[in-house]
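Here is the structure we will look at, set down as C-alpha cells.
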Amino acid sequence: MIYGKLCDFESMGLASLGETVARSVAWIRALPAEIGDLQQLQELRINDNLLTGPLPASLFALSDLTILDISNNDWRGEVPKAFGQLTSLTNLA
C-alpha cells in the first residue's frame, strides 16, 4: 500500500486543468482533498476505479464543475448535502 500525499496539483502546474478523466485505472483508493485545488475544473470522470470512503468536502467547492461521473466505485456514507453547492452541475452519474 502507498502512503503519503497523492498529488499536489498546484506544484504540478495543473491548477487550471479543465477536465480530469481517470476511468478504470484503480490507481488511487480515495479521492484526495487536493481535488479542490482545481478551481477551473469543469469535468471530472472518475468512474470504475474502486474508490472508497466519503467524497472530500473540497469537491463541492468546484463551482465550474458541469459533469461529475463518480459511478461504479465503493463510496461509503450518506450523500453529502453539499451537492447543492454544485450549481453548474448538469450531468451526475
Note: Ala93 to Thr66 extended length (0.36 nm per residue) minus current alpha-carbon separation gives 8.6 nm
Rounded, prolate or oblate: which fits the stretch 29-93 when a ≥ b ≥ c are the square roots of the eigenvalues of the alpha-carbon gyration tensor, with rounded for a/c under 1.5 and prolate only if a/b beats b/c? rounded
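Read-outs throughout are calculated quantities, based only on the coordinates presented, and are distinct from any laboratory measurement. Because the structure is predicted, anything quoted here is derived from the model rather than measured.
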